[in-house]
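Before any comments, here is the structure.
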Amino acid sequence: AQKITQTQPGMFVQEKEAVTLDCTYDTSDPSYGLFWYKQPSSGEMIFLIYQGSYDQQNATEGRYSLNFQKARKSANLVISASQLGDSAMYFCAMRELIQGAQKLVFGQGTRLTINP
Amino acid sequence: NAGVTQTPKFQVLKTGQSMTLQCAQDMNHEYMSWYRQDPGMGLRLIHYSVGAGITDQGEVPNGYNVSRSTTEDFPLRLLSAAPSQTSVYFCASSHRTMNTEAFFGQGTRLTVV
C-alpha cells in the first residue's frame, strides 16, 4: 500500500491564482513529519516546508502553506499568487520510524504548470 | 557553503561495469541516504546510514553497496551495472531526528547501455 499518495499527476494553473497540491499519507507512527519539495526542470530538490505531527499550527513559509488535516491524514500544499517560476515537479514526503530508523518516503509527485 | 556534494553529474556505463557514486556533506549530519528517481515513481530509498560504521537497506537495495567510514562521506557502489539501474540518483543528508529538511545533492544521471 502506498504510504504517500499524490493523486494529481499534473496541474495547470493561471499565473497569480492560488493552487492546492494534494497529499495523503498513511502511517502508524505517532511522531511523523511531512515535507514538500520542489524539483524544477534543472533537477535539484528544493525544500519548501515542513510540518511535524505534533505541531498545533499549520506551517507557513512565504507563499507556501501546508493545510494539515491530521484526522483525514492529509497534508496539502497551498501556493498563493502563483508565479511562472513555480512550474516544476512537487513531491510530498513523510518521515516515519520504520524498524527502528527514521526514513523519508516520497510520493510520486505532481507536475505543476503555471500558464501566463 | 558546500552542503551535499555529489559526483559525477552524468555517467554512461556498459552493462556489467562497476562504478562508485560519491557523496560528501560538510554539515556534520548523522543521517545520509541514497535515492533513485524513476519517471512516475518519485524517489525510492536505496540505502541509508545513521552514522559512521552503520548502514542499512532501504526499499530497493539490490545491486548496490554502501559504506560509511566517516561522517562526511557515503559512497554508493554499483557492482555490476544493469540497464534497470538507469536512473537519476540523489544523495541526501539530515540530522538524525529528521525534524528539519533533508539536504540533497545535485543528482547523478546514470545511463547503463
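Since every read-out is calculated from the coordinates, none of them should be taken as a lab result. What you are looking at is a predicted structure, and each value in this text was computed from that prediction instead of being measured. No Cβ is skipped: glycine too gets one built from the backbone with ideal geometry, and neighbour counts run over all protein chains shown.
Given Cα pairs under 8 Å that are at least 6 residues apart, what percent is the relative contact order of chain A?
Values: 285 pairs, mean separation 42.0, N = 116.
Computed over chain A, the figure is 36 percent.
Can you tell which of B:Met19, B:Thr97, B:His29 lies farthest toward the positive end of the dipole of chain B, using +1 and -1 charges on the Cβ of basic and acidic side chains (Lys, Arg; Asp, Glu)?
Farthest along the dipole direction, towards plus: B:Met19.
At a Förster radius of 35 Å, what calculated FRET efficiency corresponds to the Cβ-Cβ distance of A:Glu17 and B:Asp56, to the nearest 0.05?
Working: r = 44 Å, r/R0 = 1.25.
Efficiency, from the Cβ-Cβ distance: 0.20.
Can you give the convex hull volume per residue for the Cα atoms of the range A:1-87, as a whole number of Å³?
Numbers: hull volume 9.6 nm³, N = 87.
So the per-residue Cα hull volume is 110 Å³.
So for chain B, Kirkwood radius off the Cα pairs, Stokes-Einstein at 10 °C and 1.306 mPa s: how many µm² s⁻¹?
Numbers: Rh = 13.9 Å.
In µm²/s, the coefficient is 114.
Given a Förster distance of 41 Å, report the FRET efficiency between A:Val78 and B:Thr20 from their Cβ-Cβ distance, rounded to the nearest 0.05.
Using R0 = 41 Å, I get an efficiency of 0.50.
Which entries of A:Lys38/A:Lys103; A:Lys103/B:Lys14; A:Lys16/A:Lys73; A:Lys38/A:Lys70; A:Lys3/A:Lys70; A:Lys3/B:Lys9 show an alpha-carbon separation above 21 angstrom in the structure shown?
A:Lys103/B:Lys14; A:Lys16/A:Lys73; A:Lys38/A:Lys70; A:Lys3/B:Lys9
What shape does the range A:25-64 take by its C-alpha gyration tensor, where a ≥ b ≥ c are the square roots of the eigenvalues and a/c under 1.5 counts as rounded, a/b above b/c as prolate, and the rest as oblate? Mind showing how you got there, number by number?
On the way: a/c = 3.91, a/b = 1.62, b/c = 2.41.
It comes out oblate by the Cα gyration axes.
Show me, for the range B:96-106, the HN-Hα J-couplings you get by feeding each phi into the Karplus relation (A = 6.51, B = -1.76, C = 1.60, θ = phi - 60°), rounded to Hz, glycine and proline as x.
Residue by residue, the range B:96-106 yields 4, 6, 6, 8, 10, 4, 8, 9, 10, x, 6 Hz.
Taking Rh as the Kirkwood radius computed over C-alpha pairs, what is the Stokes-Einstein D of the range B:1-54 at 37 °C in a medium of viscosity 0.692 mPa s, expressed in µm² per second? Before the final figure, lay out each step's value.
Values: Rh = 13.3 Å.
For these conditions, the coefficient is 246 µm²/s.
Run the simple label-point estimate for B:Phe10 and B:Asn28 please: 7 Å along Cα→C-beta, distance reported in nm.
For the pair B:Phe10/B:Asn28, the computed spacing is 3.8 nm.
What is the calculated FRET efficiency for A:Gln99 to B:Thr100, with r their C-beta to C-beta distance and R₀ = 30 Å, to the nearest 0.05?
Plugging the Cβ-Cβ distance into 1/(1 + (r/R0)^6) gives 0.85.
Exposure proxy check: A:Trp36, B:Trp34 ranked by fewest other beta carbons within 10 Å?
Values: A:Trp36 25, B:Trp34 28.
Least crowded to most crowded, the residues run A:Trp36, B:Trp34.
Placing unit charges on C-beta atoms (Lys and Arg positive, Asp and Glu negative, everything else neutral), compute the dipole magnitude of chain A about its Cα centre in debye, rounded to 20. Kindly include the intermediate steps, with their values, before the conclusion.
Values: 10 positive and 10 negative charges, 32 e Å.
Dipole of chain A, to the nearest 20 debye: 160 debye.
Dipole of chain B, Cα-centred, from +1 at each Lys and Arg C-beta and -1 at each Asp and Glu C-beta, to the nearest 20 debye? Walk me through the intermediate numbers first.
Working: 8 positive and 8 negative charges, 77 e Å.
Its charge dipole is roughly 380 debye.
Can you work out ³J(HN,Hα) from phi for every residue in the range A:59-74, in order, using Karplus 6.51 cos²θ - 1.76 cosθ + 1.60 and θ = phi - 60°, giving whole Hz and x for Gly and Pro?
Computed from phi, the couplings for the range A:59-74 are 6, 9, 9, x, 7, 9, 9, 10, 8, 9, 10, 4, 5, 8, 6, 10 Hz.
Between the DSSP loop rule and a limit of at most 16 other Cβ atoms within 10 Å, which GluC sites (Glu not before Pro) in the range A:37-116 are left? Before the final figure, lay out the partial values.
Values: sites: A:Glu44, A:Glu61, A:Glu96; in loops: A:Glu44.
Those satisfying the criteria are A:Glu44.
Dipole of the range B:1-59, Cα-centred, from +1 at each Lys and Arg C-beta and -1 at each Asp and Glu C-beta, to the nearest 20 debye? Don't skip to the end; give the middle numbers.
Working: 4 positive and 5 negative charges, 62 e Å.
So the dipole magnitude of the range B:1-59 works out to roughly 300 debye.
Quick check: pseudo-label points 7 Å beyond the Cα along Cα→Cβ at A:Thr7 and A:Gln56, how many nm apart are they?
My value for the distance between the label points is 3.1 nm.
What do you get for Rg/Rh of the range B:37-97 when both radii come from the Cα atoms and Rh is the Kirkwood radius?
Details: Rg = 12.1 Å, Rh = 12.6 Å.
For the range B:37-97, the value is 0.96.
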